[in-house]
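Below: one structure, written as C-alpha cells.
The values are calculated or read from the model by the stated rules, or taken from the named source; none is laboratory data. For clarity, every value in this text was computed on a predicted model and none was experimentally measured. Quick reminder, even Gly has a Cβ in these numbers, built from the backbone with ideal geometry, and neighbours come from all protein chains shown. Ligands, DNA and RNA are stripped out before the accessible areas are found, and what is left, the full protein with its side chains, is counted by its heavy atoms. Shrake-Rupley method; radii C 1.70, N 1.55, O 1.52, S 1.80 Å.
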Amino acid sequence: MDIFIDQFFNIDIMRKSLPLLFKGLWMTLQLCSAVILLGLIGGLFVALGNMSERRWLRWISIAYTDLFRALPPLVLLIFIYAGLPFAGINISPFAAVVIAFLLNNSSYYAEVYRAGLISVAKGQWEAAQSTGLSPVQTLIHVVLPQAVRNVLPDLLSNTVEVVKLTSLASVISLSELLYNAGMARSVTYNASPLVLAALFYLVLLWPLVRLVSHFQRRLAA
Amino acid sequence: MDRFLETFFNPVVMAQYTPDIIAGIWVTLTIAAAVIVAGIAAGLALACLRSYGIRALNFLIICYADIFRALPPLVVILILYFGFPSIGIQLSGPMVLFIVLAATLAAFAEEIFWAGFSSVEKGQWEAGIATGLGFTRTLAYVALPQAVRLALPPLVNRVLAITKMTALGSAIGVSEILSSATTAQSFSGSATPLTMSVVAYLVIFLPMVVIARWLESRTAWKKR
Amino acid sequence: MANRPMLEIVSLEKRFGPNTILKKIDLKVAEGELVFVIGPSGSGKSTMLRCCNRLEEPTSGDIIVDGRNIMAGTRRDLDRMRLQIGMVFQGFHLYPHMSVLKNVTLAQRKALKRSKAEADARAIDMLEQVGMAHKADAYPGELSGGQQQRVAIARSLALDPKVMLFDEPTSALDPELVGSVLKVMKDLKSKGMTMVVVSHEMGFARETADRVVFMDGGVVVEQGTPDEIFGAPKAERTRTFLSRVSG
Ligand SMILES: Nc1ncnc2c1ncn2[C@@H]1O[C@H](COP(=O)(O)OP(=O)(O)OP(=O)(O)O)[C@@H](O)[C@H]1O
Ligand SMILES: [Mg+2]
C-alpha cells in the first residue's frame, strides 16, 4: 500500500510538478477554446450544407462528416503533422492539432446540429418567413435557438469529448497538460504527475459530465 | 502532381509495407473485437445491477461511469503502462489498451443502457411483476428488450468512437495499424505508409459510420 | 365596397410530382372584402393560400398583391412582399422560446427595422386589439390554444399587412375557445381588412363573409354570396358537400 501511494499519490512530487502542469493546462485550455469555437461554427455550416436543397452541397457535407467520423483523430493528426511536410507544407504542432481536431469535431457537431434543426417544426420556418423574415434571420432568431436547446446535452457531451481529445496532442510533443505530465513522470520515474493530470481533467470535466446526465434525464422526463 | 503521387502513393513502398499494415489491421481488429464484447457486457451488467436500486452500489456505479466518461483514455493508458510496473504489475501494451478502452466503453454503455431502462414505462414493470414474473425476469424479458432497442443507435456511435481509439496503442508500442504505418514511414522516408493507414481505417470504419447513420435515421423516423 | 383588387390570383397552377393539385385557379379579392373558402379535404385550399406568399412555390401563374406581382423580383423582394401578406396557421406556430411580446416584435424589428420603442408600442396596440395585452410577458406554452391563436393574429397584424390569410384558424381549438378567435376576425373585417379565410365555421361565413368560394379537385367550382352558396347552390358537387358538412 505504501509503495502504491508513493508511486501514484506522492504529494512531494505532485507539488514539484504543479507549475509544469499548470503551464500545460494553459496550453490545453487554449487548444480547447480554438477547437471548440471553430468546431461549433464549422459544424453549423456543415449541418446547413447537409440540409440544403442543392444536391451537390448535400453530398459534399455528408461525405465530409462520414469521412472524418470514420478516421481516428490520432490518425488524422499524425497524417497532417507527419505527412504534410512531405508535400512541402510545414505547420506548427499547434496548427496541426487545431486542424486535425477541427475536421474531426466539426463533423460531430454537424451531426448534433442536424438532429437539432430537424427537431424544430416546419411550421416555425413557415411562420417566420410569412412575416417577412429572411431565411438567415429565421435561422438565427427562430430556428437555431430552439434547435440548440433541443440538443444541448449532445452539444455538451461532444464538447467534453473535445477537451479529452486535446490530450492526444501530447503524441506530437505539443506541451499541453498530458505531455507535461509525461515529462514530469520520465524525470521523476514516478507516475504521480500523471495521476495529478488525471485529477485536473476530472476537476475540469466531471461537472460537465454530471450536467450532461442531468440534462438527459430532464429531456427524457 | 507527379511528386505528390510519388510521396503519398508510391507503389514500391506500398508493396513493401503492405504485409506490415495487414498485420496491423489484424491487431486492431482483434483488440477492437475484445473491447466491444467486454465493454458492452460490463456496461449492460452494471446497468442491470443499477436497476435493483441498491443505494451504496448505485453510488459506486455512478462514480465509476462518471470518472471514466470524464477521463481522457490516453491519461489512463499512460498511468497503467508506465506506473503499474513500479508496483510490480507488468501489463503488456495490448493488455493495457484493452483494459482501458473496455473500461471506458463500459462506462458509456452503462449510461446508455440505464437511459434505456429509465425510459421503459413504469406500467411495463408493474405488468411484469403483477403477472408473477418477479423483478429479475421482468428485467430480462420485459425491460431489457425495450431498453436495448432504444440504446442501439447511441451505443453504435459510442462503440465506433471507442474502437477508433485503438490508434492510441501507437503511443505505447502496440503494433496496430497506426504504429505499423509510422514505423514504416520513418524507415522508408515516404508518406505512403500514412496514406495506407488512412485507407485501412476508412475500409474498417466507413461501413460502421454508414450503418450508424442508417440506424439513427431508422429510429428517428419511427419516432415521428 | 371599393373595387380596387387587393389580391389577385391569376391562372395559378401547382403540381406535386405527377399530381396537379391546383388547376388554373383565378380569384380576385377586393380591398376590404372577406372571401370565405370551403371545400372537401384535399381539394387544395391550403395549397392555394400557401402559394399566395410562396411558402409553396407555384408551378405557374401570378400572385398580385395591391398591383405588384410577387412572382417577379428577387429573394429580398419576396421577403418584403411577405410583410404585406399576413398568414395565420391552424397550428399557431408561435415561437416557443420567446415571450408573447417578443413574438410580436421580432419581425417588426428585423424585417421592418422598427426601433424597439416603436415595435413595443405597436405590439401592445395589436395585443390589446386581440385582447391579449395582459399576457405580453407570458410564454406561448402558458397560453390556451385560443389565446395563442390571437397572439399569432397580432403578430401578423403588427406588420400592417394589406391582406390576411387564415388557414383553418380555429380547427385546432376546443369548441369553447373558437368564439374568441372568430370575434377578433370579425373586428378585423369591420376595420376594413382584406381577408381570405379557409374554415369550416359556416355560421361565421353567413354572418361575415362577402363571398363564399367552393373548391373541389383543384378548381373553383362555384362562388357567390353566402346566401347564394348556402341557400341555393347551383353545382351538384357543392350541394353534396354542403349536405355532408351540415349533417
Ligand atoms: N408537399 C406536398 N407534397 C405532395 N403532395 C402534397 C403536398 N402538400 C399537399 N399535397 C397534396 O395536395 C392536395 C391538396 O392539399 P391541401 O392541403 O391543399 O388540401 P386542403 O384542401 O387544405 O385539405 P384539408 O381540408 O384537409 O386541409 C392533397 O391531395 C395533398 O395530398
Ligand atoms: Mg388544409
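How about the stretch C:1-116: which helices (runs of 4 or more DSSP H) wholly inside it have at least 2 residues that are surrounded by fewer than 17 Cβ atoms within 10 Å (Cβ to Cβ)?
In the stretch C:1-116, C:75-83 are the helices (runs of 4 or more DSSP H) which contain 2 or more residues that are surrounded by fewer than 17 Cβ atoms within 10 Å (Cβ to Cβ).
Does at least one position in the stretch B:189-212 carry a residue that is touching a Lys or Arg at 6+ places or on another chain (Cβ under 9 Å), open to solvent by 20 Å² or more (accessible area, probe 1.4 Å) and among the hydroxyl-bearing types (S, T, Y)?
no
Out of the residues in the stretch C:27-71 meeting the condition of being aliphatic (A, V, I, L, M), within 16 Å of ligand 1 (Cβ to nearest atom) and touching a residue at least 40 places away in the same chain (Cβ under 8 Å), tell me which one is farthest from the other protein chains (Cβ to nearest Cβ).
The selected residue is C:I38.
Tally up the residues in the stretch B:1-55 that are of a type in the set (F, W, Y) and under 23 Å from B:G189 (Cβ atoms), please.
Summing the residues that are of a type in the set (F, W, Y) and under 23 Å from B:G189 (Cβ atoms) in the stretch B:1-55 gives 4.
Would you confirm whether any residue within the stretch B:46-66 is under 14 Å from the mean Cα position of the chain (by Cα), at pLDDT 95 or above and part of a helix (DSSP H, G or I)?
Checked against the condition, which is being under 14 Å from the mean Cα position of the chain (by Cα), at pLDDT 95 or above and part of a helix (DSSP H, G or I), the stretch B:46-66 yields no hits at all.
Please pick out the residue among C:D160, C:D187 that is open to solvent by 10 Å² or more (accessible area, probe 1.4 Å), within 14 Å of another protein chain (Cβ to nearest Cβ) and away from ligand 2 (no atom under 16 Å from the Cβ).
One residue alone meets the criteria, C:D160.
Give the residues of the stretch B:178-193 that are under 16 Å from B:T166 (Cα atoms) and among the aliphatic types (A, V, I, L, M), sorted by residue number.
Narrowing the stretch B:178-193 to residues under 16 Å from B:T166 (Cα atoms): B:178-182.
Of everything in the stretch B:178-193, those that are under 16 Å from B:T166 (Cα atoms) and among the aliphatic types (A, V, I, L, M) turn out to be B:L178, B:A181.
Just give me the residues in the stretch A:170-217 being open to solvent by 30 Å² or more (accessible area, probe 1.4 Å), over 11 Å from A:L21 (Cα atoms), outside any helix (DSSP H, G or I) and touching a residue at least 24 places away in the same chain (Cβ under 8 Å), in sequence order.
Correct list: A:S173 only.
Looking at the stretch B:22-38, is at least one residue more than 16 Å from B:I177 (Cβ to Cβ) and surrounded by fewer than 14 Cβ atoms within 10 Å (Cβ to Cβ)?
Checking the stretch B:22-38: at least one residue is more than 16 Å from B:I177 (Cβ to Cβ) and surrounded by fewer than 14 Cβ atoms within 10 Å (Cβ to Cβ).
Hand me the list of strands (runs of 3 or more DSSP E) wholly inside the stretch C:133-247 holding 2 or more residues that are under 30 Å from C:M98 (Cα atoms) and within 13 Å of the chain's Cα centre (by Cα).
Where strands (runs of 3 or more DSSP E) fall fully within the stretch C:133-247 and carry at least 2 residues being under 30 Å from C:M98 (Cα atoms) and within 13 Å of the chain's Cα centre (by Cα), they are C:163-167, C:194-198.
Within the stretch C:100-115, identify whether any single residue is away from chain A (no Cβ under 12 Å), away from ligand 2 (no atom under 16 Å from the Cβ), closer than 21 Å to A:Q124 by Cβ and aliphatic (A, V, I, L, M), and answer yes or no.
yes
Which condition does B:G88 not pass, out of (1) facing another protein chain (nearest Cβ under 10 Å); (2) within 30 Å of B:L202 (Cβ to Cβ); (3) at pLDDT below 90, if it passes all the others?
So B:G88 meets the others, but not (2).
Could you check, for the stretch B:63-77, whether at least one of its residues is buried (at least 16 other Cβ atoms within 10 Å of the Cβ), touching a Gly at 6+ places or on another chain (Cβ under 7 Å), within 12 Å of another protein chain (Cβ to nearest Cβ) and farther than 20 Å from B:A143 by Cβ?
No; the residues of the stretch B:63-77 include none that is buried (at least 16 other Cβ atoms within 10 Å of the Cβ), touching a Gly at 6+ places or on another chain (Cβ under 7 Å), within 12 Å of another protein chain (Cβ to nearest Cβ) and farther than 20 Å from B:A143 by Cβ.
List pairs: first in the stretch A:72-92 and more than 7 Å from chain B (Cβ to nearest Cβ), second open to solvent by 50 Å² or more (accessible area, probe 1.4 Å) and hydroxyl-bearing (S, T, Y), Cβ under 8 Å, 6+ apart or cross-chain?
Hits for this filter: A:I91/A:Y81.
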